[in-house]
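> This is the structure, below, for whatever I ask next.
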Amino acid sequence: MTHFLADDGEKIHVRISGEGEPLILMHGWTSSSQEWFPFLNELNAHHRVYRWDARGHGGHTLAHPGSATVERMAQDLRNLIDHYGLRDATAVGHSMGALTLWQYLRDHGTHGLGKLCLIDQSPKLLTADDWEHGIYGDFGADRNRQLVDWLREDFAEGVLKLTANGLNDRARQKYADNASGWQKSRAALRAQSPEPLINCWLSLTAADYRDVLAKIPLPTLLVYGGESNFYRTDTAQYVADTIPNAVLRIYEGTDHSPHQWQRERFVRELIDFIDGAL
């Protein structure tokens with residue numbers, strides 16, 4: 001793993017591999033660059049792959065924990081693109097990574113980017129009287145305040161409750177059964193520093209990118225889980241209908257990480273999309 005310095009002095013860790021046109025992989029909240037490890041054999045054969053640990057993630061200590069915001073991560077992306085001199089890169093954003101890309105487009109336009117792939121995300125996480133496409137279709141400010149209380153009391157359990165208490169019945173049952181996968185996730189979450197991740201969550205839930213979608217000029221591949229923990233398929237359809245050059249793929253039977261459940265399909269469709277065959 002190498003690193004670059006963001007323009008505020010923070011060290012941002014990034015793994016670089018493969019050869020070819022640049023491909024930037026951006027993970028979800030509480031995750032890390034390891035999210036993309038299962039895809040590297042295929043992707044490295046076609047692309048120079050850049051996968052970072054977003055600030056506050058991956059176990060790396062921040063000098064300023066409060067700086068782990070979506071706005072700052074978008075600036076970090078600009079710093080990454082400029083540091084490595086990237087042009088016409090394809091950027092893939094899962095969950096928080098998609099929000100970071102929308103923030104980037106708002107703040108920096110399409111600088112350095114050529115195509116986008118966005119995985120299972122809504123442009124506004126919190127629901128309201130005029131917005132039903134957020135988390136669960138029913139996750140307003142009151143429920144978010146309750147979640148933040150959970151996170152501050154027991155960060156790992158709060159994250160697991162957020163994932164389990166949603167739209168995916170299998171996740172709810174596995175959490176209730178305390179299945180081995182959930183035990184591993186709990187242990188991994190408990191190894192992380194909660195403060196920057198909670199600050200990050202507060203910035204994510206304060207954001208609203210609905211105005212950004214219609215202005216996206218880049219070809220965009222959308223990948224959504226047919227049984228996402230957080231979003232119904234009408235949220236996916238809203239995003240697809242609003243972004244002018246979007247191609248939507250629903251991965252039936254998969255949760256908030258559809259790319260992980262149908263890995264071969266995801267890599268094939270991503271490469272086809274980048275090559276213009278999708």
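> What is the extension gain from His108 to Arg190, computed as 0.36 nm multiplied by their sequence separation minus the C-alpha to C-alpha distance, in nm to one decimal?
Working: separation 82, 0.36 × 82 = 29.52 nm, distance 3.47 nm.
Result: 26.1 nm gained on full extension.
> Also: Amide H of Leu278: which non-local residues (sequence gap of 5 or more, or other chain) have their own amide H closer than 5 Å, using H built in the peptide plane?
Excluding prolines and chain starts, which carry no amide H, the hits are Phe273.
> At what distance in angstrom do the alpha carbon centres of segment 28-94 and segment 160-208 lie from each other?
Each part reduced to its Cα centre gives a spacing of 20 Å.
> While we're here: How long, wide and thick is segment 109-176, going by the Cα atoms along their three principal axes, in whole angstroms, largest first?
Projected onto the principal axes, the Cα atoms of segment 109-176 cover 43, 29, 25 Å.
> Next up: Cβ under 9 Å from Asp88's Cβ, Asp88 left aside: what net charge do those residues give with Lys, Arg +1 and Asp, Glu -1?
In short, +1.
> Given 10 Å bins starting at zero, what is the percent of C-alpha pairs of segment 135-278 in each, up to the one with the largest pair distance?
P(r) over segment 135-278, rounded to whole percents: 10, 32, 36, 19, 2.
> Could you compute the net charge surrounding Glu227? Neighbours are other residues with a C-beta less than 9 Å from the C-beta of Glu227; K and R count +1, D and E count -1.
Details: positive: Arg170; negative: Asp169, Glu252, Asp255.
Net of charged neighbours comes to -2.
> Would you compute, from DSSP H runs of 4+ residues alone, the mean residue ellipticity of the chain at 222 nm, taking -39500 (n - 2.57) per run and dividing by the full residue count, rounded to the nearest 500?
-12500 deg cm²/dmol
> To continue, here is another question. Net charge within 15 Å of Phe155 by Cβ-Cβ distance, Lys/Arg positive one each and Asp/Glu negative one each, not counting Phe155 itself?
Details: positive: Arg152, Lys161, Arg186, Arg190; negative: Asp149, Glu153, Asp154, Glu157, Glu195.
Every neighbour counted, the sum reads -1.
> Show the residues, 5+ positions off or on another chain, whose built amide H is closer than 5 Å to the amide H of Gly226.
Answer set, sorted by chain and number: Tyr251, Glu252, Gly253, Thr254.
> Could you calculate, for segment 27-130, the ratio of the Cα radius of gyration to the Kirkwood radius, expressed as Rg to Rh?
0.97
> If you take mean projected area of the Cα convex hull in nm² from the coordinates, which of (i) 16.0; (ii) 13.2; (iii) 23.4 do you get?
Checked against the structure: label (ii).
Where a number appears in this text, it was derived from the coordinates with a stated rule and is not lab data. Note that the structure is predicted; figures quoted are calculated from it, not measured. Note that each Cβ is placed from the backbone with ideal geometry, even for glycine, and that neighbours are counted across all protein chains shown.
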